[in-house]
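The values are calculated or read from the model by the stated rules, or taken from the named source; none is laboratory data. All values reported here derive from a predicted model rather than from experimental measurement. Cβ placement follows ideal geometry from the backbone for every residue including glycine, while neighbour counts extend to all protein chains displayed. Quick note on the areas: whole protein, heavy atoms, side chains included, nothing else; ligands and nucleic acids left out. Shrake-Rupley method; radii C 1.70, N 1.55, O 1.52, S 1.80 Å.
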Amino acid sequence: MLAAFVSTPAPKDPLSVLEVGERPEPEVPGGWTTVQVKAVSLNHHDLFSLRGVGLPQERMPMILGTDAAGLDEDGNEVVVHGVVASPGWTGDETLDPKRSLFSELHQGTMAEQVAVPRRNALPKPAELSFAEAACLPTAWLTAYRMLFVKSGLRPGQTVLVQGASGGVATALIVLGKAAGFRVWVTGRSEEKRQAALDLGAEQAFENGARLPERVDGVMETVGEATWSHSVKSLKPGGVIVTSGATTGFNPGAELNRVFFTQLSVIGSTMGTRDELEALVRMCAATGVRPVIDVELPLTQAREGFERMLEGRTAGKIVFTLP
Ligand SMILES: NC(=O)c1ccc[n+]([C@@H]2O[C@H](COP(=O)([O-])OP(=O)(O)OC[C@H]3O[C@@H](n4cnc5c(N)ncnc54)[C@H](OP(=O)(O)O)[C@@H]3O)[C@@H](O)[C@H]2O)c1
């Protein structure tokens, strides 16, 4: 079957090891089922996988992709929850030390077919297209958990989103606006800042800019490039929720500010199946839809990866299959 995959890591030149070609059809363990993939979205995680981050050589060749929407074995439309719990795990699967995402231990979703645990195939509402649904399980679910499960913030409070155009960043803007937060954004170009305003951000600033007032919460996925600004931008008692570090994992901690202004730093990763179900319902109930930058056939996956590597994003990049 057709798939986008990696056979050897390339930490410095990830696109050099991206392959789009034939891979064997999935083996289906007991309790698992097969989904015929109709759409899959690209996440920064896939670039990390090409670099070998979290994906050692011995697990390759590995099909990329952490989320998908498609048809189950009975022809029902489904959206694929991306967090795979270990056998026997009960409770919040994001807390399972042995959990994984597709493309980490099990073959990923960027293929004509993917094997998934039965519980990971959720009904897709007809209101959402396959492409829209495919954006939800990774970037949008991550944003949902950051804002609504982890932050402790309430509608009406001010949230700063670091990054304007990325998959998680655009989800944070749209979901935050829909829930009644005052959403402020930083973006690297005038064009990206304007796009964030068009999505519902109240104000958009250059990276590192002094804000008109301090904010209640900061949503961080950028890491080293924005961390210091995030710490400085919070009110006393404010909260940073971090789920990613695109520009580096080791910014200065600025502990003096953290303790003196009594900040909370909260980690967040993906979300549970229940939270994905709630997110799907939120989209259906409110009319909110994932922001799709571009849809490309999977055969043109390289073009999508290039856009993300160069930072030429405006929401989610989606690959489609016939
Ligand atoms: N923990 C989890 O469960 C989870 C889930 C999803 C994603 N993540 C992580 O979250 C991060 C974002 O993922 P994504 O898929 O949204 O990636 P993406 O679509 O490539 O977006 C990258 C974002 O980073 C910003 N950015 C990149 N370089 C920057 C720089 N030098 N200075 C300032 N901003 C910069 C961009 O801001 P501009 O708009 O200004 O260009 C953009 O908003 C990744 O690190 C990913 O691994 C984690």
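Annotations
- Sole exception among (1) open to solvent by 50 Å² or more (accessible area, probe 1.4 Å); (2) closer than 15 Å to Cys135 by Cα for Glu303, by number: (2)
- Screening the candidates Glu295, Glu303 for the property of being of a type in the set (D, E, K, R), part of a strand (DSSP E or B) and more than 14 Å from the chain's Cα centre (by Cα) yields one hit, Glu295.
- Residues that are within 11 Å of the ligand (Cβ to nearest atom) and either out of contact with any strand residue (DSSP E or B) (no Cβ under 8 Å at 6 or more places or on another chain) or open to solvent by less than 10 Å² (accessible area, probe 1.4 Å) (or both) within region 130-143 comprise Cys135, Pro137, Ala139, Trp140, Leu141, Thr142, Ala143, listed in sequence order.
- The residue list Arg214, Arg188, Arg193 contains one member that is within 13 Å of the ligand (Cβ to nearest atom) and surrounded by fewer than 16 Cβ atoms within 10 Å (Cβ to Cβ), which is Arg188.
- Every residue from region 96-118 that is away from the ligand (no atom under 13 Å from the Cβ) and aliphatic (A, V, I, L, M): Leu105, Met110, Ala111, Val114, Ala115, Val116
- Among the residues of region 1-21, those identified as in contact (Cβ under 8 Å) with a residue 40 or more places away in the chain, surrounded by 17 or more Cβ atoms within 10 Å (Cβ to Cβ) and of a type in the set (A, V, I, L, M, F, W, C) are Leu2, Ala3, Ala4, Phe5, Val6, Leu18, Val20.
- Search result, residues across region 306-322 that are outside any loop (DSSP other than H, G, I, E, B) and of a type in the set (S, T, N, Q): Thr320
- Residue within region 307-315 that is closer than 27 Å to Ile63 by Cα and more than 11 Å from the ligand (Cβ to nearest atom) present: no
- Scan of region 254-290 for residues that are outside any helix (DSSP H, G or I), at negative phi and aliphatic (A, V, I, L, M), ordered by number: Leu263, Val265, Ile266, Val288
- Some residue of region 161-182 being of a type in the set (Phe, Trp, Tyr), surrounded by 24 or more Cβ atoms within 10 Å (Cβ to Cβ) and over 19 Å from Ala245 (Cβ atoms): yes
- Residue ID - nearest to Leu234 (Cα to Cα), chosen from residues in region 154-172 that are in a helix (DSSP H, G or I) and within 7 Å of the ligand (Cβ to nearest atom): Ala169
- Restricting attention to region 27-59, the residues that are of a type in the set (A, V, I, L, M) and near the ligand (Cβ under 10 Å from one of its atoms) total 3.
- Number of the exception - Ser151 against (1) away from the ligand (no atom under 11 Å from the Cβ); (2) open to solvent by less than 20 Å² (accessible area, probe 1.4 Å); (3) more than 21 Å from Cys283 (Cα to Cα); (4) not β-branched (Val, Ile, Thr): (3)
- Restricting Gly237, Gly223 to residues that are within 10 Å of the ligand (Cβ to nearest atom) and either more than 24 Å from Arg273 (Cβ to Cβ) or among the aliphatic types (A, V, I, L, M) (or both) narrows the list to Gly223.
- Region 237-250 residues that are modelled with pLDDT of 95 or more, paired with ones that are more than 10 Å from the ligand (Cβ to nearest atom) and part of a loop (DSSP other than H, G, I, E, B) (beta carbon under 6 Å, 6 or more apart): Gly237/Gln262; Gly238/Leu263; Val239/Ser151; Val241/Ser151
- Single residue of region 240-268 satisfying the filter (among the small types (Gly, Ala, Ser) and within 10 Å of the ligand (Cβ to nearest atom)) that is nearest to Val149 (Cα to Cα): Ser268
- Only one of Val183, Val231 that is at pLDDT 95 or above, over 30 Å from Gly82 (Cα atoms), more than 13 Å from the ligand (Cβ to nearest atom) and not in a loop (DSSP other than H, G, I, E, B): Val231
- Residue within region 269-285 that is within 13 Å of the ligand (Cβ to nearest atom) and open to solvent by 50 Å² or more (accessible area, probe 1.4 Å) present: yes
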